[in-house]
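The values are calculated or read from the model by the stated rules, or taken from the named source; none is laboratory data. This is a predicted model, so every value here is computed, not measured. Neighbour counts are summed over all protein chains in view; Cβ atoms, including those assigned to glycine, are modelled from backbone coordinates with ideal geometry. In case anyone asks, the SASA skips ligands and DNA or RNA and just uses the protein heavy atoms, side chains included. Shrake-Rupley method; radii C 1.70, N 1.55, O 1.52, S 1.80 Å.
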Amino acid sequence: MFQQLLNLKTKPLDTAIDDWVAMTKKLKELAKDARDMSAYAEGTAWKGQNAGVTKPFVTRTAGEFEDAVTQASSITNLLRSAREVGQRHGQARRRVPQLPLLDRRLRSTPAPGLERRGAGVHRRHARLRGR
């Protein structure tokens, strides 16, 4: 996950944002048309078999277009926020000085009474004097 954030490419996100901006614009136009149609349907004196079904349908559909505009705007804002977070992360990453990688062979000195042998630390054996 961290590596993905370090190498974040914003081009696909920019494309998605542009697509959602265009979608939101189209949905706003459709929502306006639906509102106009709903106002027209409410203002007319429809009678007959269709009147009881068509008026509520047109009104409900206009409301659904409004909901679609709200959802598309929310998605657009979410994508923009994600891009801004990624850009801030990238800027912060560029400000942090790159530290040289530590050599894995560098280790601290063993505690008194211990010695380093091979890949581990072992208890130092007391040598017998006189032998």
| message | Pairs needed: first member in the range 4-31, basic (K, R); second member anywhere, at pLDDT 95 or above and surrounded by 12 or more Cβ atoms within 10 Å (Cβ to Cβ); C-beta distance under 7 Å; at least 6 residues apart or different chains. | response | K28/V69
| note | Only one of (1) at pLDDT below 90; (2) open to solvent by 90 Å² or more (accessible area, probe 1.4 Å); (3) of a type in the set (K, R) does not apply to K55, and that is (2)
| query | modelled with pLDDT under 90 and either assigned to a helix (DSSP H, G or I) or surrounded by 13 or more Cβ atoms within 10 Å (Cβ to Cβ) (or both): does that describe E42? | reply | yes
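Given the condition in a helix (DSSP H, G or I), modelled with pLDDT under 80, under 30 Å from P12 (Cβ atoms) and open to solvent by 60 Å² or more (accessible area, probe 1.4 Å), answer yes or no: does some residue in the range 72-83 qualify? Write out each step before concluding.
Of the range 72-83, the ones in a helix (DSSP H, G or I) are 72-83.
Subsequent filtering for residues that are modelled with pLDDT under 80 retains none.
No, because not a single residue in the range 72-83 is in a helix (DSSP H, G or I), modelled with pLDDT under 80, under 30 Å from P12 (Cβ atoms) and open to solvent by 60 Å² or more (accessible area, probe 1.4 Å).
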